[in-house]
Amino acid sequence: MLDSLYGYWLPPDISTHGYQVDRLINVIHWFMGAIFVGWGIFFTYCLIRFRARPGHRASHQLPKAKASKWSEVCVAAFEAVLLIGFSMPVWAQIKNEFPTEEQKPLHLRIVAEQFAWNFHYPGADGEFGRTAPELMAADNLIGLDYDDPAAADDLVTNNDLRIPVDRPIICDLTSKDVIHSFWIPVMRIKQDVIPGMKIPIWFQATQTGDYQVACAQLCGNNHYNMKGDLTVYSAAEFEAWYADMAGGDDEEEEEEDE
Amino acid sequence: MSGEHDHELGFWRKYVFSIDHKVIGIQYTITALLFLLFGFTLMMVMRFQLAYPGTEIPFLAKIFGEGNMPGGLMLPEFYNQLGAMHGTIMVFLGVVPLAVGGFGNYVMPLQIGAPDMAFPRLNMASYWVYFLGGVIMLGSFFLPSGAAQSGWTSYPPLSNINPGQTAWLFGMVFLITSSLLGSVNFIVTIIQLRAEGLTFFRLPFFVWAQLVTAFLLLLAFPPLEAAGVLQLMDRLAGTSFFMPSGLVVSNQVLDIAGEGNPLLWQHLFWFLAHPEVYVLILPAMGIVAEILANNTRKPLWGYRSLVYATIFLGFMSFIVWAHHMFMTGMGTTMSAFFQTTTMIISVPSVIILTAMVISLWGASIRYTVPMLFAIAFLPMFAIGGLTGLPLGLTASDIHLHDTYYVIGHFHFVVAPGTLMALFGGIYYWFPKVTGRLMNNMLGKLHFWGTLIFMNVVFMPMFLQGMHSVSRRLYDQTVYEHGKDVQDLTIASSWGAWCLGIAQIPFIINFFASIFAGKKVGSNPWDATTLEWAAPSPPPHGNFETEPVVYRGPYEYSPPEDPTGFSPQNKAPA
């Protein structure tokens, strides 16, 4: 199904902000194409017209080319438009305009490690349980402290991100070991995950479906395989899954631990 | 005077531990060309895994060892070693030593009419320190830990915990030291040893390019040298300059001091590595300017604006580095600054390229082999430069950062761009070095093969990147979007192998022409700059009589001179 969605240019965009990224990419490429073609025509013309041949002599006198100044000014002006008109507003929106609590965002923690993405959901209480590095183990990848009451309904998934459609998602990104880069191509969101730092991001999906999460930063031998699944559910589907997972399974796990 | 001096020197002092800038230049050129071939070979091996992931090639197991390629299947850690070493070798052991150490050393003193570099022994030291750095880098493949495998950018904490990195850091310290020694020498030589009458605005553009490049090396490399030593301390002395607290690798808490910051490395690294981009491109532009002026048979258009643009480019290159780090969590203020400087730095590049293209107007273009390479440089560099735009704007960089689009972008700058210019330079100055021309037919074969296949290699990468394929993937087909564009990867790989075949005429031409090339006089191209006033090959001490300069560098087709060109040292009638 994915194959039919993906063409040779940009992948589909299922985010609320992504159309602005795509618009900028497309505008720049039209601009680049126009410059290159215009420039190439002049270049090719010169190569043919001014080839060495009998009776033709180069001119020592240099041409007065006012056009070059104008073309340089135009390029600079257009770059200024791209910068101020297109790029900066998108960046400000992504960095500064986080969804407010009235929009009922879903809060998530994403913990990257060699070579997997862990997704930490707070559960029904909306509070994340305490985590600590020394608790991390093969069966407790994010080091969740099960003695913390807030941890009781927490849900942790591995390489399996499930989110509701049309609802803002706010994630805090952290890494256990090395630098990774959290990337959902169809969501037009990419953020390096840097150990020692907690970096918040937000996004909002506009379509349900199955997609992939990628790692964009070389993180070791299995970097190439550090991919996760992204499932965008309808609101009802998500609630059903969330209640089911955060309610039942996790408690069982806890009991097993004891 | 020089002849007698030559006879006193034995073989070792004359050809191996020589202090003559020309011998050192040749040593740099040969060594760097071998490293380029080696670095390219690593990539041709990697391209097989990329095109046909998981396929076994048994004979490669014999070459690279069962530990790296069991049964001929490349392991991811070996793939990462090849990737890190491809980048390191091409940049630090190939292109820079060839452009600066090779061309700079050989041509620059001749072009300014100097008998040698200002500090010949320092020059020799620079080569041998580089050579040691290269031996360490190559030798690292044979260590039990293998070669470095954290990318040429070596971001900690990965590089701090990965095997193979220590040798890489030692190698880098040597390579950086070599560049620092060389750059001091270049600056002093250009400022102090210019021939009588050779004012700054009569310098060939190549010399200007080398001067600005030397300043970039001198000012940008020390932070990376410091960073390299800090990373060595992290690895060997238990410090934590780049290691934050609470690191957990494979669910084991690391026993480290902590409290360091991995981003510090990125700042120090890119503070060098962005100016480094201009270290790669400026000498190439210098070579192209020389070849263009000579083969258009007219002065360069806008010589002064070329010089000013180059100096401005040099300055600006120090304040754009963080555009490599837009995705590290940068806020709006910082990103606004670095996006703006990045857009500004494109302006001098546009000026330089425009001046070169307008120089064609009113020309009488001789399509010699060096000229073909110089002409091809222009559109190839233009593609490389233009595709930098969407990467320099944060919003479009969100999608394109760390994808194949980036790989395509900088390879267009460095491979079809810089390497084309460097090939052109080899064909252009070969008769100066050997007294013989390279073969024209083989040269054209080499040119067309290289131009076509370089585009076959790098063009698909833009589409792959647009289609969201991350860089540095051992096997992109694990992703659905990777599967979609796998046919582009295969095309690119075949392009790389054909590009390898296209270099065979060059290798044959290069060695055969040393012995059997057509013998020519000291100025076969009817050129105006001072290197052509020296005999070919120039003796120790370079010039028979000290040259005096009377005019600018590119007096081609002056109306008053019936010969069609007025060399810089030709006395006015």
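The values are calculated or read from the model by the stated rules, or taken from the named source; none is laboratory data. From a predicted model like this one, the values you see are computed outputs, not experimental measurements. When we count neighbours, we look across all protein chains shown, and the Cβ atoms used for this are built from the backbone with ideal geometry, even at glycine.
Could you list, in sequence order, all residues of region B:332-347 that are without any contact (Cβ under 8 Å) to a residue 40 or more places away in the chain and more than 7 Å from every other protein chain (Cβ to nearest Cβ)? Reasoning before the result, please.
Let us first name the residues in region B:332-347 that are without any contact (Cβ under 8 Å) to a residue 40 or more places away in the chain, namely B:332-334, B:336-338, B:340-341, B:344-345, B:347.
Once the filter is applied, which keeps residues that are without any contact (Cβ under 8 Å) to a residue 40 or more places away in the chain and more than 7 Å from every other protein chain (Cβ to nearest Cβ), region B:332-347 yields B:T333, B:M334, B:F337, B:F338, B:T341, B:I344, B:I345.
Restricting attention to region B:546-573, and to residues there that are surrounded by fewer than 16 Cβ atoms within 10 Å (Cβ to Cβ) and farther than 23 Å from B:G362 by Cβ, which single residue is modelled with the lowest pLDDT?
For region B:546-573, the residue satisfying everything is B:A573.
Can you confirm whether region B:326-335 contains a residue that is outside any loop (DSSP other than H, G, I, E, B), in contact with a strand residue (DSSP E or B) (Cβ under 6 Å, 6 or more places away or on another chain) and crowded, with 24+ Cβ neighbours inside 10 Å? First the steps, then the outcome.
Applying the first criterion (outside any loop (DSSP other than H, G, I, E, B)) to region B:326-335 yields B:326-328, B:332-335.
Keeping just the survivors that are in contact with a strand residue (DSSP E or B) (Cβ under 6 Å, 6 or more places away or on another chain) gives B:327-328.
Now drop any that are not crowded, with 24+ Cβ neighbours inside 10 Å, which leaves none.
No, that holds for no residue.
How many of the residues making up region A:189-241 are touching a Phe, Trp or Tyr at 6+ places or on another chain (Cβ under 9 Å) and on the phi > 0 side of the Ramachandran plot?
1
Of the conditions (1) under 30 Å from B:A534 (Cα atoms); (2) surrounded by fewer than 24 Cβ atoms within 10 Å (Cβ to Cβ), B:I504 clears all except one; give me its number.
With (1) under 30 Å from B:A534 (Cα atoms); (2) surrounded by fewer than 24 Cβ atoms within 10 Å (Cβ to Cβ) applied to B:I504, the lone miss is (1).
Would you point out which residue out of B:F17, B:F103 is aromatic (F, W, Y) and touching a Gly at 6+ places or on another chain (Cβ under 8 Å)? Outline the logic, then answer.
Numbers: B:F17 fails: touching a Gly at 6+ places or on another chain (Cβ under 8 Å).
Of B:F17, B:F103, the one residue that is aromatic (F, W, Y) and touching a Gly at 6+ places or on another chain (Cβ under 8 Å) is B:F103.
Got a sec? Which helices (runs of 4 or more DSSP H) wholly within region B:115-218 have at least 3 residues that are under 17 Å from the mean Cα position of the chain (by Cα)?
By residue number, B:120-139, B:165-192.
Report, by residue number, each residue of region A:221-248 that is of a type in the set (G, A, S) and either within 19 Å of A:F182 (Cα to Cα) or within 14 Å of chain B (Cβ to nearest Cβ) (or both).
Narrowing region A:221-248 to residues of a type in the set (G, A, S): A:228, A:234-236, A:240, A:243, A:246-248.
Residue satisfying the conditions is A:G228 alone.
Just to be sure I understand, how many residues within region A:190-202 are among the aliphatic types (A, V, I, L, M), surrounded by fewer than 24 Cβ atoms within 10 Å (Cβ to Cβ) and either under 24 Å from B:G258 (Cα atoms) or facing chain B (nearest Cβ under 7 Å) (or both)?
Count: 2.
What helices (runs of 4 or more DSSP H) completely inside region B:403-493 contain at least 3 residues that are in contact with a strand residue (DSSP E or B) (Cβ under 9 Å, 6 or more places away or on another chain) and farther than 24 Å from B:K518 by Cβ?
Counting at least 3 such residues, we get B:440-466, B:480-484.
Condition check: surrounded by fewer than 20 Cβ atoms within 10 Å (Cβ to Cβ), basic (K, R) and on the phi > 0 side of the Ramachandran plot. Does A:K95 satisfy that?
No, not satisfied.
Report yes if B:T296 is out of contact with any strand residue (DSSP E or B) (no Cβ under 6 Å at 6 or more places or on another chain) and within 14 Å of chain A (Cβ to nearest Cβ), otherwise no.
Values: out of contact with any strand residue (DSSP E or B) (no Cβ under 6 Å at 6 or more places or on another chain): no; within 14 Å of chain A (Cβ to nearest Cβ): yes.
Here the answer is no, as B:T296 does not meet what is asked.
Considering A:F31, A:F42, which residue is under 21 Å from B:S349 (Cα atoms) and touching a residue at least 12 places away in the same chain (Cβ under 8 Å)?
A:F31
Of the residues that sit in region B:14-29 and are β-branched (V, I, T) and under 13 Å from B:Y130 (Cα atoms), which one is farthest from the chain's Cα centre (by Cα)?
Narrowing region B:14-29 to residues β-branched (V, I, T): B:16, B:19, B:23-24, B:26, B:29.
After this cut, where a residue has to be under 13 Å from B:Y130 (Cα atoms) as well, the list is B:24, B:29.
Details: B:I24: 18, B:T29: 12 Å.
Here the residue is B:I24.
What tally of residues in region A:31-44 results from selecting those that are over 19 Å from B:R366 (Cα atoms) and more than 7 Å from every other protein chain (Cβ to nearest Cβ)?
Quick first cut of region A:31-44, residues over 19 Å from B:R366 (Cα atoms) only: A:31-41.
Those still in the list that are more than 7 Å from every other protein chain (Cβ to nearest Cβ) too: A:31, A:33-34, A:37-38, A:41.
So the answer is 6.
Is region B:459-467 home to any residue that is farther than 27 Å from A:H180 by Cβ, surrounded by 23 or more Cβ atoms within 10 Å (Cβ to Cβ) and in contact (Cβ under 8 Å) with a residue 12 or more places away in the chain?
Here is the first cut: in region B:459-467, the ones farther than 27 Å from A:H180 by Cβ are B:459.
Checking which are surrounded by 23 or more Cβ atoms within 10 Å (Cβ to Cβ) leaves us with none.
Looking for residues that are farther than 27 Å from A:H180 by Cβ, surrounded by 23 or more Cβ atoms within 10 Å (Cβ to Cβ) and in contact (Cβ under 8 Å) with a residue 12 or more places away in the chain, one finds none in region B:459-467, hence no.
Can you pull out the residues in region B:166-177 that are in contact with a helix residue (DSSP H, G or I) (Cβ under 6 Å, 6 or more places away or on another chain), of a type outside the set (G, A, S) and more than 14 Å from B:F241 (Cβ to Cβ)?
First pass over region B:166-177, keeping only residues in contact with a helix residue (DSSP H, G or I) (Cβ under 6 Å, 6 or more places away or on another chain): B:166-167, B:169-177.
If we keep only those that are of a type outside the set (G, A, S) too, we end up with B:166, B:169-170, B:172-177.
Those that are in contact with a helix residue (DSSP H, G or I) (Cβ under 6 Å, 6 or more places away or on another chain), of a type outside the set (G, A, S) and more than 14 Å from B:F241 (Cβ to Cβ): B:T166, B:F170, B:M172, B:V173, B:F174, B:L175, B:I176, B:T177.
Which numbered condition in (1) modelled with pLDDT of 90 or more; (2) closer than 28 Å to B:Q339 by Cβ; (3) within 9 Å of chain B (Cβ to nearest Cβ) is the only one that A:L47 fails?
All conditions pass for A:L47, except number (2).
For region B:59-73, name all the residues that are free of Cβ contacts under 8 Å to residues at least 40 places away in the same chain and surrounded by 16 or more Cβ atoms within 10 Å (Cβ to Cβ).
B:L60, B:A61, B:F64, B:M69, B:G72, B:L73
Inside region A:203-220, can you point out the residues that are within 9 Å of chain B (Cβ to nearest Cβ), in contact (Cβ under 8 Å) with a residue 12 or more places away in the chain and either crowded, with 23+ Cβ neighbours inside 10 Å or over 13 Å from A:S181 (Cα atoms) (or both)? Outline the logic, then answer.
Taking region A:203-220 as the starting set, the residues that turn out to be within 9 Å of chain B (Cβ to nearest Cβ) are A:211-212, A:214-220.
Checking the rest, the ones that are also in contact (Cβ under 8 Å) with a residue 12 or more places away in the chain come to A:211-212, A:214-217, A:219-220.
Passing the criteria: A:Y211, A:Q212, A:A214, A:C215, A:A216, A:Q217, A:C219.
Quick one: would you say B:F92 is surrounded by fewer than 21 Cβ atoms within 10 Å (Cβ to Cβ), away from every other protein chain (no Cβ under 14 Å) and either within 30 Å of B:N542 (Cβ to Cβ) or aromatic (F, W, Y) (or both)?
Details: surrounded by fewer than 21 Cβ atoms within 10 Å (Cβ to Cβ): no; away from every other protein chain (no Cβ under 14 Å): yes; either within 30 Å of B:N542 (Cβ to Cβ) or aromatic (F, W, Y) (or both): yes.
Against the criterion (surrounded by fewer than 21 Cβ atoms within 10 Å (Cβ to Cβ), away from every other protein chain (no Cβ under 14 Å) and either within 30 Å of B:N542 (Cβ to Cβ) or aromatic (F, W, Y) (or both)), B:F92 does not qualify.
Determine the pairs where a residue that is more than 9 Å from chain B (Cβ to nearest Cβ) and outside any helix (DSSP H, G or I), located within region A:4-24, has a partner that is modelled with pLDDT under 90 and surrounded by 15 or more Cβ atoms within 10 Å (Cβ to Cβ) with Cβ atoms under 9 Å apart, the partner being 6 or more residues away or on another chain.
Here the result reads A:P12/A:L5; A:P12/A:Y6, each pair linking region A:4-24 to a residue that is modelled with pLDDT under 90 and surrounded by 15 or more Cβ atoms within 10 Å (Cβ to Cβ).
Yes/no matrix, rows are residues, columns are (1) under 30 Å from A:D244 (Cβ atoms); (2) in a helix (DSSP H, G or I); (3) modelled with pLDDT of 90 or more; (4) not assigned by TED's automatic domain parsing to the domain that holds A:I35:
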{"site": "A:E72", "(1), (2), (3), (4)": "no, yes, no, no"}
{"site": "A:F78", "(1), (2), (3), (4)": "no, yes, yes, no"}
{"site": "A:L83", "(1), (2), (3), (4)": "no, yes, yes, no"}
{"site": "A:F86", "(1), (2), (3), (4)": "no, yes, yes, no"}
{"site": "A:V90", "(1), (2), (3), (4)": "no, yes, yes, no"}
{"site": "A:L108", "(1), (2), (3), (4)": "yes, no, yes, yes"}
{"site": "A:V111", "(1), (2), (3), (4)": "yes, no, yes, yes"}
{"site": "A:H120", "(1), (2), (3), (4)": "yes, no, yes, yes"}
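Test of understanding: among B:L268, B:L264, which residue is touching a Phe, Trp or Tyr at 6+ places or on another chain (Cβ under 7 Å) and not in a loop (DSSP other than H, G, I, E, B)? Let's see the steps before the verdict.
Values: B:L268 fails: touching a Phe, Trp or Tyr at 6+ places or on another chain (Cβ under 7 Å).
Criteria check complete, one pass: B:L264.
For residues that are more than 8 Å from chain B (Cβ to nearest Cβ) and among the aromatic types (F, W, Y), scanning just region A:64-92, find the one that is surrounded by the fewest Cβ atoms within 10 Å (Cβ to Cβ).
A:W70
If only one of B:G425, B:G435 is surrounded by fewer than 23 Cβ atoms within 10 Å (Cβ to Cβ), touching a residue at least 60 places away in the same chain (Cβ under 8 Å) and small (G, A, S), which one is it?
Details: B:G425 fails: surrounded by fewer than 23 Cβ atoms within 10 Å (Cβ to Cβ).
The conditions single out B:G435.
I need the full set of residues from region A:172-184 which are at the interface with chain B (Cβ under 9 Å from one of its Cβ atoms) and under 20 Å from A:L106 (Cα atoms), in order please.
A:L173, A:W183
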